[in-house]
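Here's the structure we're looking at; comments come further down.
Laboratory data are not the source of any read-out in this text; all were calculated from the coordinates shown. None of these values were measured; they are calculated from a predicted model. When we count neighbours, we look across all protein chains shown, and the Cβ atoms used for this are built from the backbone with ideal geometry, even at glycine.
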Amino acid sequence: MKEREVRMFYREYHDSNEMPHADKKLIEEAVLAASGAYAPYSHFMVGAAILFDDGTVVRGANVENAAFPSGSCAEKTAISYAVSNYPGKRPVAIAVAALSGGILTREPVPPCGNCRQMLIEEEQRQGHPIKVILTGKEKTIVIDSVESLMPLRFTKSNLL
Ligand code: THU
């Protein structure tokens, strides 16, 4: 028997002046994206902005549905849009922000397991880390790759 430990490293910013300019810009895009959410059931409006290595940004928001499981999270909307509309481009970062009652949440909102699964596949396909930037009023968390959010992940190699 072996015991194994998984460690995760991330940065936490309490002062946005310490953050790289590009990260702050992407957060602004995520907040803008949140305003496009269709969330009549949860009233929790989430936005995601994906940055490509050439500087292009695409946005996605959560899109809910009366048949609840049919809805899509913001991250999934954004990654699906990015992959389907820009097949040749390489995503390098994703920022996520959420509005509750029209106001940016106090705490950053971490992507759900399903969205992490979508993001890790793209990261692995690109063979390049995708930085994850999660923002709230109190702080912003920056994780350098999706990989560290998904230890013991299910990937295509499990299908072999
Ligand atoms: N949601 C997201 O869009 N992203 C997340 O990371 C967590 C949750 C959405 C799904 C649903 O529309 C609403 O937030 C409440 O769960």
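Our estimate of slack between C112 and R4, defined as 0.36 nm per intervening residue step minus the Cα-Cα distance, is 36.4 nm. Answer rounded, prolate or oblate for the chain, using the Cα gyration tensor with square roots of eigenvalues a ≥ b ≥ c: rounded when a/c is under 1.5, else prolate when a/b is larger than b/c, else oblate. It comes out rounded by the Cα gyration axes. Annotated for segment 11-159: lysine pairs at least 8 residues apart or interchain, Cα distance under 27 Å, count 19. Extension gain for the segment A66 to N158, taken as residue separation times 0.36 nm less the Cα-Cα distance, is 29.7 nm to one decimal. Here the peptides 135-141, 5-11, 124-130 are ranked by packing, the mean other Cβ count within 10 Å, and the order with the highest first is 135-141, 124-130, 5-11. The modelled label-to-label distance between E147 and H14, using points 7 Å beyond Cα along the C-beta direction, is 3.1 nm.
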